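S.K.: Below: one structure in structure tokens.
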Amino acid sequence: MTYSNAEIWFTILALGAGTFLLRYSFLGAIGSRPMPEWFLRMLRYTAVAVLPALAAPLVVWPAATHGQTDPVRLAAGAATVIAGYATRNTLAAIVAGAATLMIGFYLS
């Protein structure tokens, strides 16, 4: 199925406007008013919840292997979790996971 340039640009602009309106509605509703302490405390954990949710499917059901579990990706995920837990440093966890993934691909 082919799409015309007009359809593609309409879709891009509509999704961009929708994304802007969703984000602005939250920021516009809050404005410059102070947020409650309980809300700020929960908001701190947003990245901690979102990043693993984005990465987990890529480790457990990678598209590169057509959904088959890959030991190299599982080892890289485990190395990332262990390094993050041991060091409490995000950059160290990322480096450990990336190094394990590259070494695993090189050896396999």
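S.K.: Restricting to region 1-47, and then to whatever is among the basic types (K, R) and part of a helix (DSSP H, G or I), can you tell me which residue is farthest from the chain's Cα centre (by Cα)? Talk me through it step by step, then tell me what you get.
M.R.: At the first step, the residues of region 1-47 found to be among the basic types (K, R) are 23, 33, 41, 44.
So of that shortlist, the ones also part of a helix (DSSP H, G or I) come out as 23, 41.
Values: R23: 18, R41: 21 Å.
Here the residue is R41.
S.K.: Could I ask something else about it? Of the conditions (1) within 19 Å of the chain's Cα centre (by Cα); (2) exposed (fewer than 14 other Cβ atoms within 10 Å of the Cβ), A86 fails just one. Which one is it?
M.R.: Checking A86 against (1) within 19 Å of the chain's Cα centre (by Cα); (2) exposed (fewer than 14 other Cβ atoms within 10 Å of the Cβ), the one that fails is (1).
S.K.: Here's another thing I want to ask about it. For residues that are among the β-branched types (V, I, T), assigned to a helix (DSSP H, G or I) and surrounded by 11 or more Cβ atoms within 10 Å (Cβ to Cβ), scanning just region 50-82, find the one that is nearest to the chain's Cα centre (by Cα). Before you say what the answer is, go through the steps one by one.
M.R.: The first filter runs over region 50-82 and keeps only residues among the β-branched types (V, I, T), leaving 50, 59-60, 65, 69, 72, 80-82.
Then keep just the ones that are assigned to a helix (DSSP H, G or I); that gives 50, 59-60, 65, 72, 80-82.
Now narrow it down to the ones that are surrounded by 11 or more Cβ atoms within 10 Å (Cβ to Cβ): 59-60, 65, 72, 80-82.
Numbers: V59: 12, V60: 14, T65: 20, V72: 20, T80: 14, V81: 15, I82: 19 Å.
Ranking the candidates gives V59 first.
S.K.: Which of the residues spanning region 1-49 are closer than 30 Å to I94 by Cα, of a type in the set (A, V, I, L, M) and open to solvent by 70 Å² or more (accessible area, probe 1.4 Å)?
M.R.: M42, L43, V48
S.K.: Can I ask one more? Could we say that G97 is surrounded by 13 or more Cβ atoms within 10 Å (Cβ to Cβ) and either outside any loop (DSSP other than H, G, I, E, B) or in contact with a strand residue (DSSP E or B) (Cβ under 9 Å, 6 or more places away or on another chain) (or both) here? Walk me through it before giving the result.
M.R.: Working: surrounded by 13 or more Cβ atoms within 10 Å (Cβ to Cβ): yes; either outside any loop (DSSP other than H, G, I, E, B) or in contact with a strand residue (DSSP E or B) (Cβ under 9 Å, 6 or more places away or on another chain) (or both): yes.
Spelling it out, G97 is indeed surrounded by 13 or more Cβ atoms within 10 Å (Cβ to Cβ) and either outside any loop (DSSP other than H, G, I, E, B) or in contact with a strand residue (DSSP E or B) (Cβ under 9 Å, 6 or more places away or on another chain) (or both).
The values are calculated or read from the model by the stated rules, or taken from the named source; none is laboratory data. This is a predicted model, so every value here is computed, not measured. Cβ atoms come from the backbone with ideal geometry, glycine included; neighbour counts cover every protein chain shown. Just the protein is used for accessible areas: all its heavy atoms, side chains included, with ligands, DNA and RNA removed. Shrake-Rupley method; radii C 1.70, N 1.55, O 1.52, S 1.80 Å.
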